[in-house]
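Have a look at this one before I ask anything.
The values are calculated or read from the model by the stated rules, or taken from the named source; none is laboratory data. This is a predicted model, so every value here is computed, not measured. For neighbour counting, all protein chains shown are included, and Cβ atoms are generated from backbone atoms with ideal geometry for every residue, glycine included. When the accessible area is computed, the model is the full protein with side chains, heavy atoms only, and any ligands, DNA or RNA have been set aside. Shrake-Rupley method; radii C 1.70, N 1.55, O 1.52, S 1.80 Å.
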Amino acid sequence: MSSNRRNFLRNLTLGTGALAVGLPSIAAENKEDGALQRAYEKASANQRFNMSGYAAPKIDKVRVGIIGLGQRGGDAVQRLAYIDGLEIKALCDKYPDRVTKAQAGLEKRGFQKPKEYSGNDGWKAMIENEDLDLVYICTPWSLHTPMAVYAMNHGKHAACEVPIAKTLDECWELVETSEKTRKHCMMLENCCYDFFELLTLNMARNGLFGELVHAEGAYIHDLRSLNFSKDGYADMWRLKENYRNGNLYPTHGLGPIAQCLNINRGDKMEHLVSMSTNDFMMGQIANEKAATDPFYNEFAGKQFRGDMNTTLIHTEKGKTIMVQHDVTTPRPYSRIHLISGTKGVASKYPTPERIAFGHEWLKEEEMKALYDQYTPPIVKHVGEIAKKVGGHGGMDFIMDWRLIDCLRNGLPLDQDVYDGALWSSIAPLSERSVAKRSRTVDVPDFTRGAWKSNKPVNLTLEGGGNTGVRKI
Ligand SMILES: NC(=O)c1ccc[n+]([C@@H]2O[C@H](COP(=O)([O-])OP(=O)(O)OC[C@H]3O[C@@H](n4cnc5c(N)ncnc54)[C@H](O)[C@@H]3O)[C@@H](O)[C@H]2O)c1
């Protein structure tokens with residue numbers, strides 16, 4: 001019997017801490033919770049095919065269709081157009097004027113006009129009709145899994161913005177579809193490609209921090225004005241997500257530290273506990289806005305997510321991870337990015353980034369020496385050009401370039417479907433823990449045991465690195 005199955009049965013029969021706090025037994029609650037039950041059952045089922053380390057056939061020219069041309073997708077179109085060996089064949093948004101705007105940007109730069117799709121279901125027509133190798137998705141969260149699954153089922157690789165799934169069922173649908181179709185399904189976690197994150201990943205791989213013991217990540221970003229803006233997220237989709245109570249956006253903080261800890265590749269997340277504060281801000285803003293503008297009436301009197309969520313994850317090998325989410329309080333931006341080991345520690349936020357191998361932070365010249373020695377090949381190769389193209393200081397372009405280079409050279413992707421599913425699953429799992437007074441929740445093993453032998457993320461450019469960048 002697999003350990004997942006044992007854990008699942010243990011929870012059904014014993015409960016985790018239920019007796020101690022005098023709450024109804026977990027046995028009863030888990031039976032009601034179909035999604036969680038299915039998640040553990042699927043984790044003990046046979047894996048169809050291991051997509052970790054999977055190399056798809058090489059594609060000389062990668063034909064891309066992009067869905068969702070709002071704030072994120074509009075920039076992605078212009079960024080992707082810098083990559084050689086890539087053709088933007090089709091553009092799609094619910095709103096035709098957004099397609100026209102993205103087209104205009106490409107036309108100005110002398111590119112051939114991609115095919116246009118719009119309306120609520122235009123994306124289906126695009127996927128069905130166009131000869132695409134890759135569907136690149138930048139839509140609201142609730143459309144991510146349906147679009148990625150549809151793309152894979154129609155023979156296309158899928159790359160999708162974060163989080164790639166909202167529910168555990170969606171996480172499994174992605175895993176099962178990717179394994180069945182042998183199509184890549186990458187969540188576009190751009191923070192894994194930021195400069196300090198890649199430096200520390202390479203240093204961790206080289207043992208400079210010793211055995212990693214603990215890591216911290218976060219998404220602390222005051223989004224109040226954007227969330228409540230009528231001109232921000234299309235149809236106010238993101239504000240509406242905030243009725244869910246937990247860590248709704250875990251992947252930016254979690255992705256890079258999960259890679260440092262070799263999660264899904266030598267270790268796995270085992271269980272978590274999650275706690276949220278009350279809502280001290282969003283409900284009040286909604287009420288105040290509704291008092292003077294009826295546009296906001298639908299948001300008045302609603303129960304919003306707690307401002308700060310803190311989730312603690314325990315790994316199979318006994319490491320701990322803390323992830324936080326706060327998009328309302330007035331604080332400087334932070335993803336924390338702290339990794340702490342038996343020999344040293346690195347911490348990105350509050351900036352400037354710092355590293356220590358003892359009780360004192362390193363001096364500027366010592367930091368520079370580490371950058372010189374441990375900056376990984378991908379950054380040396382495209383880091384400077386990525387800074388010029390832009391996208392969160394360059395990390396977005398490093399990610400896009402790497403994805404296309406891997407597809408062109410038939411290399412495994414750095415982030416596979418198991419990473420996207422796992423990092424995204426922390427949202428629904430944290431919601432469940434919060435709803436049950438921070439009760440322990442097991443984390444499903446989306447690799448179904450393959451984490452024991454899956455290889456760590458490749459930090460070399462071996463077998464690739466030959467994709468050019470068009471003139472800027
Ligand atoms: N990785 C990052 O750094 C980063 C940064 C910002 C946003 N994001 C992610 O990018 C995604 C998009 O965010 P955004 O800020 O661009 O939101 P947005 O609202 O500006 O853009 C979403 C776009 O999707 C379109 N859309 C909605 N329904 C559609 C449908 N049925 N068919 C086609 N298009 C449809 C909307 O019209 C809109 O243009 C989100 O998942 C968000 O989490 C990631």
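Please verify whether ARG408 is open to solvent by 30 Å² or more (accessible area, probe 1.4 Å), over 20 Å from the mean Cα position of the chain (by Cα), modelled with pLDDT of 95 or more and farther than 25 Å from ILE66 by Cβ, treating the condition exactly as stated. Lay out the reasoning, then the answer.
On the way: open to solvent by 30 Å² or more (accessible area, probe 1.4 Å): yes; over 20 Å from the mean Cα position of the chain (by Cα): yes; modelled with pLDDT of 95 or more: yes; farther than 25 Å from ILE66 by Cβ: no.
Here the answer is no, as ARG408 does not meet what is asked.
Residues of the range 390-425 being within 15 Å of the ligand (Cβ to nearest atom) and either of a type in the set (A, V, I, L, M, F, W, C) or on the phi > 0 side of the Ramachandran plot (or both), which ones?
Residues satisfying the conditions are GLY390, GLY391, HIS392, GLY393, GLY394, MET395, PHE397, ILE398, MET399, LEU403, TRP423.
Let me ask something additional. Name every residue in the range 243-252 that is more than 13 Å from the ligand (Cβ to nearest atom) and more than 11 Å from TRP141 (Cβ to Cβ), in order of residue number.
Across the range 243-252, the qualifying residues are TYR243, ASN245, GLY246, ASN247.
Which of the following residues is in contact (Cβ under 8 Å) with a residue 40 or more places away in the chain, hydroxyl-bearing (Ser, Thr, Tyr) and closer than 25 Å to VAL457 by Cβ: TYR219, TYR243, TYR233?
Answer to the selection: TYR219.
Which ones in the range 195-237 are within 10 Å of the ligand (Cβ to nearest atom) and open to solvent by 20 Å² or more (accessible area, probe 1.4 Å)?
HIS221, LEU226, ASP231, TYR233, ALA234, ASP235, TRP237
So, of the residues in the range 283-318 that are of a type in the set (D, E, K, R) and over 21 Å from the mean Cα position of the chain (by Cα), which turns out to be least open to solvent (accessible area, probe 1.4 Å)?
Keep residues of the range 283-318 that are of a type in the set (D, E, K, R), which gives 288-289, 293, 298, 302, 305, 307, 316-317.
Narrowing further to those that are over 21 Å from the mean Cα position of the chain (by Cα): 288-289, 293, 298, 302, 316-317.
Working: GLU288: 108, LYS289: 73, ASP293: 40, GLU298: 97, LYS302: 93, GLU316: 85, LYS317: 127 Å².
Ranking the qualifying residues of the range 283-318, first place goes to ASP293.
What's the number of the only condition in (1) open to solvent by less than 10 Å² (accessible area, probe 1.4 Å); (2) within 16 Å of the ligand (Cβ to nearest atom); (3) among the β-branched types (Val, Ile, Thr) that ILE339 fails to meet?
The failed condition is (2).
Say we look at the range 129-155 and pick out the residues that are without any contact (Cβ under 8 Å) to a residue 40 or more places away in the chain and away from the ligand (no atom under 14 Å from the Cβ); which of these is most open to solvent (accessible area, probe 1.4 Å)?
That would be ASN129.
Tell me which residues, restricted to the range 81-90, are within 16 Å of the ligand (Cβ to nearest atom) and free of Cβ contacts under 8 Å to residues at least 40 places away in the same chain.
Passing the criteria: only ILE88.
Within the range 52-62, can one find any residue that is surrounded by 20 or more Cβ atoms within 10 Å (Cβ to Cβ) and modelled with pLDDT under 85?
No, there is no match, as no residue in the range 52-62 is surrounded by 20 or more Cβ atoms within 10 Å (Cβ to Cβ) and modelled with pLDDT under 85.
Give ALA346, ALA356 a once-over and let me know the one that is hydrophobic (A, V, I, L, M, F, W, C) and without any contact (Cβ under 8 Å) to a residue 24 or more places away in the chain. Spell out how you get there, then give the answer.
Numbers: ALA346 fails: without any contact (Cβ under 8 Å) to a residue 24 or more places away in the chain.
On inspection, the qualifying residue turns out to be ALA356.
Here is a further query. Looking at (1) open to solvent by less than 20 Å² (accessible area, probe 1.4 Å); (2) under 29 Å from GLY207 (Cα atoms), find the lone condition where GLU462 falls short.
Evaluating GLU462 over (1) open to solvent by less than 20 Å² (accessible area, probe 1.4 Å); (2) under 29 Å from GLY207 (Cα atoms) leaves (1) as the failure.
LEU168 - would you say it is crowded, with 20+ Cβ neighbours inside 10 Å, within 17 Å of the chain's Cα centre (by Cα) and farther than 18 Å from ASN262 by Cβ? I'd like the intermediate steps shown before the answer.
On the way: crowded, with 20+ Cβ neighbours inside 10 Å: yes; within 17 Å of the chain's Cα centre (by Cα): yes; farther than 18 Å from ASN262 by Cβ: yes.
When the stated conditions are applied, LEU168 passes them.
For every residue, the table says whether it meets (1) open to solvent by less than 20 Å² (accessible area, probe 1.4 Å); (2) within 16 Å of the ligand (Cβ to nearest atom); (3) over 21 Å from PRO146 (Cβ atoms).
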site	(1), (2), (3)
LEU69	yes, yes, no
ARG72	no, yes, no
ARG79	yes, yes, yes
CYS92	yes, yes, no
TYR95	no, yes, no
ALA102	yes, yes, yes
ARG109	no, no, yes
LYS113	no, no, yes
ASN120	no, yes, no
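Still on this model: Would you mention how many residues in the range 253-269 are surrounded by fewer than 23 Cβ atoms within 10 Å (Cβ to Cβ) and either outside any loop (DSSP other than H, G, I, E, B) or within 14 Å of the ligand (Cβ to nearest atom) (or both)?
Counting residues in the range 253-269 that are surrounded by fewer than 23 Cβ atoms within 10 Å (Cβ to Cβ) and either outside any loop (DSSP other than H, G, I, E, B) or within 14 Å of the ligand (Cβ to nearest atom) (or both) gives 1.
Return the residues of the range 396-452 that are assigned to a helix (DSSP H, G or I) and of a type in the set (S, T, N, Q); say none if nothing qualifies. Steps first, please.
From the range 396-452, those assigned to a helix (DSSP H, G or I) are 396-409, 417-435, 450-452; that's our starting set.
The answer is ASN409, SER424, SER425, SER430, SER433.
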